[in-house]
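Asks: The structure is given below, and queries will be raised subsequently.
The values are calculated or read from the model by the stated rules, or taken from the named source; none is laboratory data. Because the structure is predicted, anything quoted here is derived from the model rather than measured. With ideal geometry, Cβ positions are generated from the backbone for all residues, glycine too; neighbour counts draw on all protein chains shown. What goes into the accessible areas is simple: the full protein's heavy atoms, side chains included, and nothing from ligands, DNA or RNA. Shrake-Rupley method; radii C 1.70, N 1.55, O 1.52, S 1.80 Å.
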Amino acid sequence: MSAEPSLPTPSPAPRFGVWLIGARGSVATTAIAGCAAVAAGLHPPTGMVTETAPFTTCGLPPLSSLVFGGHDTVDCPLPKRAEHLADGGVLPHGLPSAVHAELVAADREIRPGGPPPGDTGRTQDQWIDVFAADIRDFVRRQDLAGAVVINVASTEPAPTDGTLPPSSLYAAAALRAGCPYVNFTPSTGLHHPALAALAASSGLPYGGRDGKTGQTLLRSVLGPMFLQRALAVRAWSGTNLLGGGDGAALADPAAAAAKNAGKERVLADTLGTAPEGEVHIDDVPALGDWKTAWDHIAFDGFLGARMILQTTWQGCDSSLAAPLVLDLARLTARARQKGLTGPLSELGFYFKDPVGDGPSSLAEQYTDLRHFAERLRPDATDPEAHR
């Protein structure tokens, strides 16, 4: 009796790196711990759009294939940072110990960030080289199929001179290392005029800016409602109360102005004009990672009837942002794998100030995102089709 032919051993799935700027912050720690928890089946992928039906056949990297590293200027180890988040109710109690090995592995791949304030030891180009070398070493050492660089650091003030702020040094380093770049913050990143030529010539996909997780998410839904129902918005004011690292960073008026620009742009783009009113951001350290956002909307109805809509959004910033970061890592890595280049305007669903041209309405942005998912599906030319 002849022996049964042996089946070929399937090739292991390629692994992809996720290099986080601000890798020991609350958002990064929540994303790393959450990825490990969901991949292990400990928790459902709540909040992850890429785990819903329209995206599960796009060839996205599995969560288990993601390898984390990054830059940060603080030295609190990820396991300790995760414990702090669990104490604050951001992570479930017991999760830091359940994913301790994954947190330790990611922490080993975190490199010192910079430059420190007032540093004159290196030129800006030398800093870009240092950061790019860190990213390339990570990809080579971990034997990765590629990496995506995502900025999740605290908001920095907009630059007032021609120098590149830290966020732009990291963005330039990502492209120099041959990696797609995503800016989840309001910081300048690739938006600096000095980087326009580099972004255009890099042949890499990139996305951003400023993740849409709470108040602006709601505005991108309510704004089109008023427009479509022909209700005249007279004024739209808001207040944000938040603590944690973001609250401390946004206590700086210049950083708060950079944050608010995206919030106001959503309304102007949706309504055709910016209504009266401002957004105020107050640092309340006692709130920790939790945020309350309040909006007061004055609008006119039929025959000039004056009306008011008030909304209150209370959420945990890191828990809202982390699943979006994982979505963006997978979508952008897949876009790179498919050979897409330039600004990924289809990712506007995730951002207050998206790159490229696209709608401001969340519903329209979601439609664009689903069309993008169709472009990412494997086909006969895709390497994954022959596995």
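Asks: Would you check which residues across the stretch 260-279 are assigned to a helix (DSSP H, G or I) and not hydroxyl-bearing (Ser, Thr, Tyr) and list them?
Replies: ASN260, ALA261, GLY262, LYS263, GLU264, ARG265, VAL266, LEU267, ALA268, ASP269, LEU271, listed by residue number.
Asks: Hey, does the stretch 77-85 have a residue that's closer than 14 Å to ALA329 by Cβ and either open to solvent by less than 30 Å² (accessible area, probe 1.4 Å) or modelled with pLDDT of 95 or more (or both)?
Replies: Among the residues of the stretch 77-85, not one is closer than 14 Å to ALA329 by Cβ and either open to solvent by less than 30 Å² (accessible area, probe 1.4 Å) or modelled with pLDDT of 95 or more (or both), which makes the answer no.
Asks: Is there any pair linking a residue in the stretch 83-100 that is free of Cβ contacts under 8 Å to residues at least 24 places away in the same chain to one that is buried (at least 16 other Cβ atoms within 10 Å of the Cβ), with Cβ under 7 Å and at least six apart or on different chains, and which?
Replies: GLU83/PRO96; ALA86/LEU95; ALA86/PRO96; HIS93/ALA86; HIS100/PRO79
Asks: Pairs please, first residue from the stretch 213-229 and open to solvent by less than 30 Å² (accessible area, probe 1.4 Å), second anywhere and among the small types (Gly, Ala, Ser), Cβ atoms under 6 Å, 6+ apart in sequence or on different chains.
Replies: THR213/ALA321; GLY214/ALA293; GLY214/GLY315; GLN215/ALA293; PRO224/SER361
Asks: Count, please, the residues in the stretch 331-351 that happen to be of a type in the set (D, E, K, R) and outside any helix (DSSP H, G or I).
Replies: 1
Asks: Let me ask something else about it. Looking at the structure I just gave you, is LEU328 under 30 Å from ALA197 (Cβ atoms), modelled with pLDDT of 95 or more and in a helix (DSSP H, G or I)?
Replies: yes
Asks: Out of curiosity, is VAL74 touching a residue at least 40 places away in the same chain (Cβ under 8 Å) and surrounded by fewer than 20 Cβ atoms within 10 Å (Cβ to Cβ)?
Replies: yes
Asks: From the set of residues in the stretch 103-148 that are more than 23 Å from ALA33 (Cα to Cα) and polar (S, T, N, Q), which is surrounded by the fewest Cβ atoms within 10 Å (Cβ to Cβ)?
Replies: Within the stretch 103-148, the match that is surrounded by the fewest Cβ atoms within 10 Å (Cβ to Cβ) is THR120.
Asks: If you don't mind, another one. Let me spell it out: the conditions are (1) crowded, with 24+ Cβ neighbours inside 10 Å; (2) closer than 19 Å to ALA249 by Cβ; (3) aliphatic (A, V, I, L, M); (4) out of contact with any strand residue (DSSP E or B) (no Cβ under 6 Å at 6 or more places or on another chain), and ALA173 meets all of them except one. Which number is the exception?
Replies: Only one criterion in (1) crowded, with 24+ Cβ neighbours inside 10 Å; (2) closer than 19 Å to ALA249 by Cβ; (3) aliphatic (A, V, I, L, M); (4) out of contact with any strand residue (DSSP E or B) (no Cβ under 6 Å at 6 or more places or on another chain) is unmet by ALA173, namely (2).
Asks: Here is a further query. Check every one of the strands (runs of 3 or more DSSP E) wholly within the stretch 113-215 and list those with 3 or more residues that are under 15 Å from the mean Cα position of the chain (by Cα) and among the β-branched types (Val, Ile, Thr).
Replies: So the answer is 146-151.
Asks: Could we say that GLY94 is under 26 Å from GLY245 (Cα atoms), modelled with pLDDT of 95 or more and open to solvent by 10 Å² or more (accessible area, probe 1.4 Å) here?
Replies: Against the criterion (under 26 Å from GLY245 (Cα atoms), modelled with pLDDT of 95 or more and open to solvent by 10 Å² or more (accessible area, probe 1.4 Å)), GLY94 qualifies.
Asks: If a residue has to be surrounded by fewer than 19 Cβ atoms within 10 Å (Cβ to Cβ) and within 23 Å of GLU109 (Cβ to Cβ) to count, how many in the stretch 44-66 make the cut?
Replies: Number of matching residues: 3.
Asks: Continuing with this model, one more query. Answer yes or no as to whether ALA28 is assigned to a helix (DSSP H, G or I), under 30 Å from LYS338 (Cα atoms) and open to solvent by less than 10 Å² (accessible area, probe 1.4 Å).
Replies: It is true that ALA28 is assigned to a helix (DSSP H, G or I), under 30 Å from LYS338 (Cα atoms) and open to solvent by less than 10 Å² (accessible area, probe 1.4 Å).
Asks: Now, a different point. Quick check on my filter: what residues within the stretch 45-89 are under 20 Å from GLY244 (Cα atoms) and of a type in the set (S, T, N, Q)?
Replies: Of everything in the stretch 45-89, just one residue is under 20 Å from GLY244 (Cα atoms) and of a type in the set (S, T, N, Q), namely THR73.
Asks: Then there is this: Consider only pairs whose beta carbons are under 7 Å apart and that are at least six residues apart or on different chains; among these, list those whose first residue lies in the stretch 319-344 and is surrounded by fewer than 22 Cβ atoms within 10 Å (Cβ to Cβ) and whose second residue is assigned to a helix (DSSP H, G or I) and among the polar types (S, T, N, Q).
Replies: Short answer, once both residue conditions are applied: SER319/THR30.
Asks: Now a separate question. Restricted to the stretch 280-306, and to residues that are outside any strand (DSSP E or B) and touching a residue at least 12 places away in the same chain (Cβ under 8 Å), which residue is surrounded by the fewest Cβ atoms within 10 Å (Cβ to Cβ)?
Replies: By that ranking, first place goes to ALA286.
Asks: Quick one: what pairs do we get from the stretch 143-162, first residue on the phi > 0 side of the Ramachandran plot and in contact (Cβ under 8 Å) with a residue 40 or more places away in the chain, second of a type in the set (Lys, Arg) and part of a loop (DSSP other than H, G, I, E, B), C-beta under 8 Å, 6+ apart or different chains?
Replies: If the second residue must be of a type in the set (Lys, Arg) and part of a loop (DSSP other than H, G, I, E, B), the pairs left are ASP143/ARG15.
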